[in-house]
Amino acid sequence: MYSLPVRRSSGSAGEGRRVRGRPPNPQLQEERRNAIIESAYVVLTEKGYERTLMSDVARHAQVSNGTLYRYFDSKRELVDRIFDYAVTKAIAALNVDSVVDEIEATDREPLELITAFGSRLFALVDEDPAIIRVLTVESSAIDAELRWRVIGLLGLIDAGVAQLFERFAPESGADRDVWKMLSRMIVGMAGPGLAMSLAGDGTATTRAEFLSMMKSVATEGLLGQVDGDAERDDNA
């Protein structure tokens, strides 16, 4: 019988079928991943974790549900990335190192750190009022794992601010302990200041008075006690 000749492939037998479409672009994939995270952040801050659906995120990011699930297996995984995104955004806005370097370079009073950090924190809340809620209340209410991440973040903030203030502390060991306590007091007092702003009572005058009060507590309270002890020692 007559049969048509079999056309052999120009490639070797070990080569698989040609994959249709363009090869993956790592840069494009990363850009799309980041865009999805930003969209998820917006949706979650508007609706809260419980009411946020993956389809809501896909719609806001203008991608299909299938594309969304190729990047993130679940809403819980996406929330981890949202938390990281919020932390990165807050760190960039506060820019702690630049504040400290500026104060050191200009020989300004170390307690100016209170005004500098406070002003940047208020500016962050003005720009993104939901970020504090995402990093504290919203995240800690989801599950124990994320709650521990929140606790760890607060611990890092406490330790980091303490180290910054210790850079300006006197050489005396006792005085250094007071400055360390001072830094923790400032972290603790930041909460009421943020609550004041989030409640809508955040005028420029009110904020300036609040930061001035924090400095007064520092100078006339903790640091004033150190100066008083030193004076009594000199007179003894």
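State the three equivalent ellipsoid semi-axes of region 80-229, derived from the C-alpha gyration tensor as the square roots of 5 times its eigenvalues, in descending order and whole Å. Walk me through the numbers on the way to the answer.
Values: eigenvalues 150, 65, 44 Å².
Listed largest to smallest, the semi-axes of region 80-229 are 27, 18, 15 Å.
Note down the nm distance, to one decimal, between modelled labels 7 Å out along Cα→Cβ at residue 208 and at residue 148.
Placing both labels 7 Å along Cα→Cβ, they lie 4.7 nm apart.
In whole percent, what relative contact order does region 16-150 give with Cα contacts below 8 Å and a gap of six or more residues?
Values: 80 pairs, mean separation 28.4, N = 135.
The value is 21 percent.
Could you give the dipole magnitude of region 25-73 about its Cα centre, charging the beta-carbon of Lys and Arg +1 and that of Asp and Glu -1, in debye to the nearest 20?
Working: 6 positive and 7 negative charges, 24 e Å.
So the dipole magnitude of region 25-73 works out to roughly 120 debye.
Rounded to two decimals, what is the ratio between the C-alpha radius of gyration of region 25-73 and 2.2 N^0.38 Å?
Values: Rg = 10.5 Å, N = 49, 2.2 N^0.38 = 9.7 Å.
After normalising by residue count via 2.2 N^0.38 Å, the value is 1.09.
So what J values fall out for region 203-209 if you push phi through Karplus, 6.51 cos²θ - 1.76 cosθ + 1.60 with θ = phi - 60°, rounded to Hz, Gly and Pro as x?
Karplus values, whole Hz, x for Gly and Pro: 5, 4, 5, 4, 5, 4, 5.
Can you tell me, using C-alpha contacts under 8 Å and at least 6 residues apart, the relative contact order of region 80-229 as a whole percent? Please list the in-between numbers first.
On the way: 92 pairs, mean separation 34.0, N = 150.
Normalised by residue count, the contact order of region 80-229 is 23 percent.
R0 = 30 Å: FRET efficiency of residue 216 with residue 91, Cβ-based, nearest 0.05?
On the way: r = 29 Å, r/R0 = 0.95.
With R0 = 30 Å, the Cβ-Cβ based efficiency is 0.55.
Taking the Cα centre of each part, how many Å lie between region 109-161 and region 48-87?
First find each Cα centre; the distance between them is then 23 Å.
As an exercise, use a Förster radius of 45 Å and the Cβ-Cβ distance of residue 157 and residue 35 to find the FRET efficiency, rounded to the nearest 0.05.
Values: r = 28 Å, r/R0 = 0.63.
Calculated transfer efficiency: 0.95.
All of the numbers you see were taken from the coordinates with simple rules; none came from a lab. This one's a predicted model, so the numbers in the text were calculated from it and none came from an experiment. Please note: Cβ atoms are built from the backbone with ideal geometry, for glycine as well, and neighbour counts cover all protein chains shown.
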